[in-house]
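Q: Before anything else, here's the structure in question.
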Amino acid sequence: MEKASLQQIQIGDPLNRVEGQLKVTGKAKYAAEYNLSGVTFGVMVTSTIAKGRIKSMDTKLAKKAPGVLAVITHKNAPEVPGYKAAVNNEGARVYGQEFRLFYDDQIHHNYQPIALVVADTLARANEAASMVKVQYEQETHHTDISRNLDQAIQPARPEDYSRGEEDAYLTAPVKVVHEYHTPIQVHNPMETHATTAVWEADNKITVYNKTQATKISQQEIMKAFDLKEENVQAHSPFVGGAFGSSSRLWPQEMAAILGAKVVGRPVQVVLKRDQVFNMVGYRPPSRQKVGIGASAEGKLIGITHEGYGITSRYEQFTERMMDPTKSMYHCPNLNAKYRLVPLDMSTPCWTRGPGETSGSFALESAMDELAYALNMDPLSLRMKNYADKDPENELPWSSNYLKECYKQGAERFGWQKRNPTPRSMRSGEWQVGMGMASGIYKAVRDRAVARAKLLSDGSVLVQSAVADVGPGSATIFTQIAADVMGTSIEKTRFEWGDSSLPHAPGQFGSHTTASVGSAVYDVCTALKQKIQELAVNQKGSSLQGAQATNVVFENASIRLKNGTTSLTYSDFLQQQQLPSLEVIKESDGGPLLEKYSGKSFCANFVEVRVHSVTGEVRVQRVVSAVDAGKIMNHKTAQSQVYGAVVWGIGIALMEEGLIDHRYGRHVNNDLAEYHVPVHADVPDIEVILIDKEDPVIDPMGAKGIGEIPLVGFTAAIANAVYHATGQRIRNLPITPAKLIS
Amino acid sequence: MKNFQYVRPTQQQAALETLAQDDKAMFIAGGTNLIDLMKRNVVLPEKLVDINRLPLRKIEPTSKGVRIGALASNSEVAEHPLIREKFPLLSQALISGASAQLRNMATVGGNMMQRTRCYYFYDAALPCNKRQPGSGCGALQGINSKHAIFGFSDKCIAVHPSDMCVALVALEATVLVTGPKGERQVPFKDFHRLPGEHPERDTNLEKNELILAVDIPASSFTQNVHYLKVRERASYAFALVSVAAALDLDKGTIRNARLAMGGVAHKPWRLMEAEKALVGKPVSEETFQQTAALAMQGAKAFEHNAYKLKLAPNAITQALKTAAGLS
C-alpha cells in the first residue's frame, strides 16, 4: 500500500531537487573528489607568452623534486593518434584544427599548457611545476579585437543573412545608427575544470570529469585515442557550474589521460582560477554596429547589423550574434553581417546565450535609442513591430506568447508609471531609471534515448547519459517519469551523468528538457504500454481482456477506470514472473519541427538607481516575464530565471576580462578582480512564467528556459541607465568610471 | 606554491627569534592575503611563523583611548561596542572591506601588512618593481585603471588596498611594534611608505619586527563621521576611491576635521591641508567642494584612471556632506 504522504507528483510541481540533499551535505562527488586508490596529482605549467615557440625547457629540477613521478612535455608525451588525423570539419562542432596538447613546440596563446608535472601530492606537484624553466622564441602577437578589425574574415560557416533591400534604414524617415562594444566575459563557474583519469587497461579509459555532455567527452576521447565506445567512459553526475565552458574536451582531460598513461596510476588535474580565463573558453568580445530605420509612426523599415567576434588562429568559433536581429521584429528589410577576427588567443567557447547575449545588447539598445528618436514609448515600439511569424524564414511560430510577456511584465512592473523623460525620476541623490528589452532564443530538440525499468519493488528507474550541471534536469526527469508512470517521487529514480547510459545530447543550447525530457516521456509511455499489453493478455489476470482506453496508471498500479480492480506494479511483475521489465526508446522531434519556427521569448523590465555623485549603479528591481512553454517545475524554472538575471547584472555592470595587449595576457584573472555580482548586487527578482504549452516541439509542451531570460537583459539595464541619467553607455560594462566621465 | 616549514610558537619572544633565524621566514596571522600570494608564487616564504597563539587579541580601553591587539579580527574590531561607540569611523571602514568570512579571519596587523592588488604585482610572468625590483613597472604604460593619482613614482603606481588603514590614519592612531631593538611606537601616517625608489618596501616596519597593537587616541570624532567607499559592485570589492571623513561640529561651524582617502596612493592618504582649511568654516556644500578642490591639488592621472580626478573630489564632498548630516 502506498502511504498517503507519498503524493503523486505532476509535471509543473515545484519539487525540490532530487540531488539537493547530497549537494548541501557535501556528499555529491565532483570530478576532483574521486580519491581513487593510488591517485596522483597533475599540475599544468602554462606559457607566459602569447605567440612563438618553446626554444628549450629545463625539467631537470622538477623531475628531481620530492614525490615527482613524471614531467610530461611535447618532447616526451605519449602519442595521441587522433592528433595526427587530417582535420575533418564535417559534423565538427567547431571548424578547424582542435588544440593539441603537448603536440609540438608552438605557442598559440598565453596560458597555453606546455607541461604536466605529476607527483604523489598536490603540494609537491605544485612546487615542482614552478621549477620548470622555459625559454621561448617570441613572435609578434595580436590579441586586441579593436586594432585588428581589418584582419577580419568571413567564417567558413557564414552567419550572414539578408531579406529585402540592403541598408534600407538609411532612407527611413527616422533612423539611428550606433556602435556597441562588449568585452571578454569568462564563465567562471565556482568549480574550476577538473578531471581524474584512469587507464583500466592498455585500451580502456575512464574519466571522472566536469562536463555538460558525457557522450561528447566519450566520443572525443575515443577519437583521440582510437578506442572503442565500450572502452571509454566519462562519469560526471555533478558539475559545479559550467555555462557552456564544459561543452567540449579540454586540456585538463587530455592532460589527466596522458599523465595516467605515463605514471600507470590515476591522475587528477584541477585548473587554477587564472588558468580558466584563456584555456577553457570564454565569451568573445564583440564590436557591433546597428542601424535601424522606421516610419514616423514607428513601423520598422530596415535593420542593418554588423558584428565582429574573435577566434583563435587554429579554429573558427562562430556564435549566433545575429540571431535575435533576424527574428525578433517584423521588418521587411534586413541585412546582417558577421565576421571573425583571428587572434593569438585560445578558442572562445559557448557562453550562456552564446552570441544572442552580445547581439541582443546591441539590437535592444538600438531599439531603445530608436524609441527616443521617435518620441515613442519603448514598449509600444516593440509591440508595434511584433512579428506574427518568424520573419527570418516566414515559418509560423511553434508557439509565441511574447505579447503576454509584454503585457504581464509591464503590469507587474508598473511600466505605465514611468515618466518617459530621461533624468526625470529621482530618489534623494540617486537618479532612478526604468528600462526594458525583449528577448528571443531558439527552442529546439535533439535526438535522445532513454531506458525505463520497472523493478520488483514496483519502483521505476529511468536512465540517460544526460548531464545536470545545475538547472535541475535530474529533478525534472524524475518528475516527468513519475507523472507518466503514476509513481511517487520516492518510487521513481533517475540516473544520469555517465556515458555508459543511453545517448543524450549535451546540456547546452537550452534543449535538454525538450530532448531528454521527451525521451523520458516517450520511454515511460512505452513502458506503460508494455505493462498494459502484458497485463491484459495474462490469463487469470484481473485485467485480462481490458480495453486500452479503460486502463489507468496511478499509485504505482494499474487500475480499470470504472472498477475497483487494481494491480500494483510489483504484483504485476510477480504475476508475470518477471524480475523486472525494461524498455529503451529513442526520441526525436520528427519532420513536424521543420514546418515551424521554435523560439522561447521574454520581456525584461528593470529599475536602476545611479548615484549622481559617484556613478555607482544598483539594480533595484527586476521583472522577468518568460514564455518557455509549459513549465516542468516551477521552482527550478524560477531559479533558472534568477540565475540568468544575476548573469545579466554581471555582464551589464561589472564583468570584463582585461588583457594587457603588450603581453597578450589576462591581468584580472581571479575572482577578486574579475567581478561577478555578489548577493548585495541582486535585488528582488519577480519571475513571470507564462506557462502555456508549445504544441509542436515535444510531448510535454516545454521550450527551453536556461538562456532566454538573459537575452536582451543587459540592454534593459543599459536602457534603464539611460533613462536615469541621460547617458547612453554603448560599451559594456557600465561602470562608475564611464558614468562620471 | 613552494613548500614551506610551519611553526606555531606560543610565546612572543619565541616567535621573534624563530623569524630572525631564517631570512625567508614570514609571520602569518589570518593568511587571507598571504596564502593567495603564495599560491600565485608572488611571495615565496620558506618558513611560516604562525602567530595566532600569541596573546595579542584584546581590545581594551586605555587612559588615552583604546588599544587594539594586532591579532584582533577585523570582525571583532568592527563589532566591538567600544569601537562602535567611540570610533565609529573605524567600524564603518572595516565593515566596508572584504566579505564577512574574510573579516572573520583577517587581523588588524595583517590588514596593515596586506599587499597591493595591482595586476602586475600578482602575476609573476609580468614586470613589477614591487615584486621583483628592477623588472619595471607594468602598470605605468599598462592597465592602470585602479592606480594611484597621488604620491606615485616612476617605479610604482600601485595603491594600498586597505579600508581600515584609511580610518586609522584619519584617527591619528599609533602602531606599537617590537623587534630586536625593543618596542617602539610608529605614528600611523608614517607606518606605510610611498614607493619612491623602493616600491618593494610597503611599510617602515624594520626587519624582524612584529606589530603588537594599534592605539587610537580618544577624540571628539564620534558623531559626524562617514566612510564612503565607491566600488563597482555593492560588496566584496576594493575601493575605486574611498574617503574617511570626520567632523567635530559646533552647531553649523566646523571645529575640527579629519580627512583621508583610500584607493589613490601607495599608502592611506591623509589630507591634512584640507583638514586645516575646514576648521572654522560653516557646514555647507560649498565649503566641502572647496575642500575637495584643495585636496585634489597635485593629483595626476594615467591612461585609464582619469576618472579618479573627478570621482575623488566628488567622493570627498559626498563623504563630508554625509558626515555633516547634509546628505
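Q: Share of region B:5-50's accessible area from carbon and sulfur, percent, 1.4 Å?
A: That fraction is 45 percent.
Q: Separate question: For region B:285-327, run through the trypsin sites (Lys or Arg not before Pro) and keep only the ones in DSSP coil with at most 14 other Cβ atoms within 10 Å of their Cβ.
A: Qualifying residues, ordered by number: B:K300.
Q: Can you list the HN-Hα couplings for region A:463-480, worked out from phi with the Karplus curve (6.51, -1.76, 1.60; θ = phi - 60°), rounded to whole Hz and with x for Gly and Pro?
A: In residue order, the calculated couplings are 10, 7, 6, 4, 8, 10, 8, x, x, x, 4, 4, 5, 4, 6, 4, 5, 4 Hz.
Q: Name the residues of region B:121-168 whose accessible area, probed at 1.4 Å, falls by at least 50 Å² once all protein chains are in place instead of their chain on its own?
A: B:L126, B:I143
Q: Another one. I need the Debye-formula profile for region A:184-238: one equal scatterer per C-alpha, no solvent, reported as log10 I(q)/I(0) at q = 0.28 1/Å, two decimals.
A: Rounded to two decimals, the profile gives -1.12.
Q: Which value, in square angstrom to the nearest 100, describes the accessible area buried between chains B and A on both sides, using a 1.4 angstrom probe?
A: For chain B against chain A, roughly 3200 Å² becomes buried.
Q: Turning to a different aspect of this structure: If you restrict to DSSP beta bridges whose two residues both lie in region A:365-509, what percentage is antiparallel, to the nearest 5?
A: Taking every DSSP beta bridge within region A:365-509, about 65 percent pair in antiparallel fashion.
Q: First measure r as the distance between the Cβ atoms of B:K64 and A:D58, then evaluate 1/(1 + (r/R0)^6) with R0 = 60 Å and state the FRET efficiency to the nearest 0.05.
A: 0.55
Q: Could you tell me the calculated FRET efficiency between A:S500 and A:K539, based on Cβ-Cβ distance and R0 = 30 angstrom, to the nearest 0.05? Kindly include the intermediate steps, with their values, before the conclusion.
A: Numbers: r = 38 Å, r/R0 = 1.27.
Efficiency, from the Cβ-Cβ distance: 0.20.
Q: Could you name the aspartates and glutamates whose alpha carbon sits less than 13 Å from that of A:K585, not counting residues in the same chain fewer than 8 places away?
A: Result set, ordered by chain and number: A:D522.
Q: Sticking with this one: Starting from the coordinates of the alpha-carbon atoms of region B:214-327, obtain the Kirkwood hydrodynamic radius over all distinct pairs and give the value in Å to one decimal. Please report the intermediate quantities before stating the final value.
A: Numbers: mean 1/r = 0.0697 Å⁻¹.
About 14.4 Å for region B:214-327.
Q: Out of region A:271-367, which GluC sites (Glu not before Pro) are coil in DSSP terms and have no more than 11 other C-beta atoms within 10 Å?
A: Those that pass, being in a loop and sparsely packed, are A:E297.
Q: Just to be sure I understand the curve: with the Debye formula and one point per C-alpha of region B:141-258, what is log10 I(q)/I(0) at q = 0.23 Å⁻¹?
A: With one equal scatterer per Cα and no solvent, log10 I(q)/I(0) is -1.29.
Q: Here is a follow-up. Tally Lys and Arg at +1 and Asp and Glu at -1 over the other residues with C-beta under 15 Å from the C-beta of A:D13: what net charge comes out?
A: With Lys, Arg at +1 and Asp, Glu at -1, the net is 0.
Q: Just to be sure I understand the model, the point goes 7 Å from the Cα along the line to the Cβ. What's the resulting B:A293 to A:E693 distance in nm?
A: It is 7.2 nm.
Q: Sort A:107-118, A:33-44 by packing, meaning the average of other beta carbons within 10 Å per residue, with the highest value first.
A: By packing density, highest mean first, the sequence is A:107-118, A:33-44.
Q: Do the sum for the protein assembly as shown: with -39,500 (n - 2.57) for every DSSP H run of n ≥ 4, divided by all residues, what is the mean residue ellipticity at 222 nm, to the nearest 500 deg cm²/dmol? Write down the numbers at each step before the final one.
A: Values: 29 runs with 268 residues, N = 1068.
Calculated at 222 nm, the ellipticity per residue is -7000 deg cm²/dmol.
Q: Something else now. Applying the Karplus parametrisation 6.51 cos²θ - 1.76 cosθ + 1.60 with θ = phi - 60° to the phi angles of region B:189-202, what ³J(HN,Hα) value in whole Hz is obtained for each residue in order, glycine and proline being reported as x?
A: In residue order, the calculated couplings are 5, 9, 6, 8, 10, 8, x, x, 8, 10, x, 5, 9, 7 Hz.
Q: Could you give me D for the protein assembly as shown, from Stokes-Einstein at 25 °C and 0.890 mPa s, where the hydrodynamic radius is the Kirkwood radius over C-alpha pairs? Units µm² s⁻¹, please.
A: 78 µm²/s
Q: Still on this model: If we sort A:666-678, B:111-123, A:574-586 on the protection proxy, mean other Cβ atoms within 10 Å, highest first, what's the order?
A: Output ranking for A:666-678, B:111-123, A:574-586: B:111-123, A:666-678, A:574-586.
Q: Taking amide H positions as placed in the peptide plane 1.01 Å from N, state which residues far from A:M425 in sequence (5 or more) or on other chains have amide H under 5 Å from it.
A: When sequence neighbours closer than 5 places are left aside, the close amide H contacts are A:V432.
Q: Leaving ligands, DNA and RNA out of it, report the carbon-plus-sulfur percent of the accessible area of region B:224-324 at a 1.4 Å probe.
A: Working: 1790 of 3620 Å².
The computed percentage sits at 49.
Q: I've got another one for you. Need one number: convex hull volume per residue for region A:446-588, Cα atoms only, in Å³.
A: Each residue corresponds to 98 Å³ of Cα convex hull volume.
Q: Which whole-Hz ³J(HN,Hα) couplings does region B:96-103 yield from phi under the Karplus relation 6.51 cos²θ - 1.76 cosθ + 1.60, θ = phi - 60°, glycine and proline marked x?
A: Couplings: 6, x, 6, 10, 4, 4, 5, 5 Hz.
Q: When a/c is below 1.5 the answer is rounded, else prolate if a/b is larger than b/c, else oblate, so apply that to chain B with a ≥ b ≥ c taken from the square roots of the Cα gyration tensor eigenvalues.
A: oblate
Q: Near A:A526, within a Cβ-to-Cβ distance under 14 Å, what is the net charge of the other residues, with Lys and Arg +1 and Asp and Glu -1? Don't jump to the answer; show the numbers that get you there.
A: Numbers: positive: A:R451, A:K453, A:K528, A:K530, A:K585; negative: A:D522, A:E533, A:E582, A:E586.
For residues surrounding A:A526, the net value is +1.
Q: Just to be sure I understand: if I project the alpha-carbon convex hull of region B:5-50 onto a plane and average over all orientations, what area do I get in nm²?
A: Its Cα hull, projected and averaged over all orientations, spans 3.0 nm².
Q: Mind checking the mean number of beta-carbon atoms from other chains within 10 Å of the Cβ atoms in A:129-138?
A: Mean number of neighbouring Cβ atoms from other chains: 1.
Q: Now, a different point. So which trypsin sites (Lys or Arg not before Pro) in region B:188-275 end up in coil per DSSP with only 15 or fewer other C-beta atoms within 10 Å?
A: Sparse-neighbourhood loop trypsin sites (Lys or Arg not before Pro): B:R201, B:K207, B:K251.
Q: Which whole-number percent gives the relative contact order of chain A, counting Cα pairs below 8 Å spaced six or more residues apart?
A: 17 percent
Q: With heavy atoms of protein chains only and a 1.4 Å probe, what residues of region B:231-254 have at least 50 Å² less accessible area in the full set of chains than alone?
A: B:E232, B:R233, B:A234
Q: Report, in whole Å, the centroid distance computed from the Cα atoms of region A:522-538 and region A:420-435.
A: Here the two parts' Cα centres lie 62 Å apart.
Q: Show the residues, 5+ positions off or on another chain, whose built amide H is closer than 5 Å to the amide H of A:A115.
A: A:V45
Q: Based on DSSP, what percent of beta bridges with both residues in the protein assembly as shown are antiparallel, to the nearest 5? Intermediate values should be presented prior to the final figure.
A: Details: 144 of 181 bridges.
Within the protein assembly as shown, antiparallel bridges account for around 80 percent of the total.
Q: When you look at the Cβ of every residue in A:659-668, what mean number of other chain Cβ atoms sits within 10 Å?
A: 5
Q: From the cross-link list A:K228/A:K630; B:K251/B:K310; A:K215/A:K491; A:K272/B:K155; B:K86/B:K229, which pairs have alpha carbons spaced over 32 Å apart?
A: The answer is A:K228/A:K630.
Q: Still on this model: Any idea of the accessible area per residue across region B:5-50, 1.4 Å probe, to the nearest Å²?
A: 50 Å²
Q: Taking beta carbons within 10 Å but only from partner chains, what does the mean come to for residues B:313-323?
A: Mean shielding count: 2.
Q: Taking only protein heavy atoms into account and a 1.4 Å probe, give the accessible area per residue of region A:114-212 in Å².
A: I get 46 Å² per residue for this part.
The values are calculated or read from the model by the stated rules, or taken from the named source; none is laboratory data. None of these values were measured; they are calculated from a predicted model. Positions of Cβ are backbone-derived with ideal geometry, glycine not excepted, and every protein chain shown enters the neighbour counts. Side chains are part of the model used for accessible areas, which takes the heavy atoms of the whole protein and leaves out ligands, DNA and RNA. Shrake-Rupley method; radii C 1.70, N 1.55, O 1.52, S 1.80 Å.
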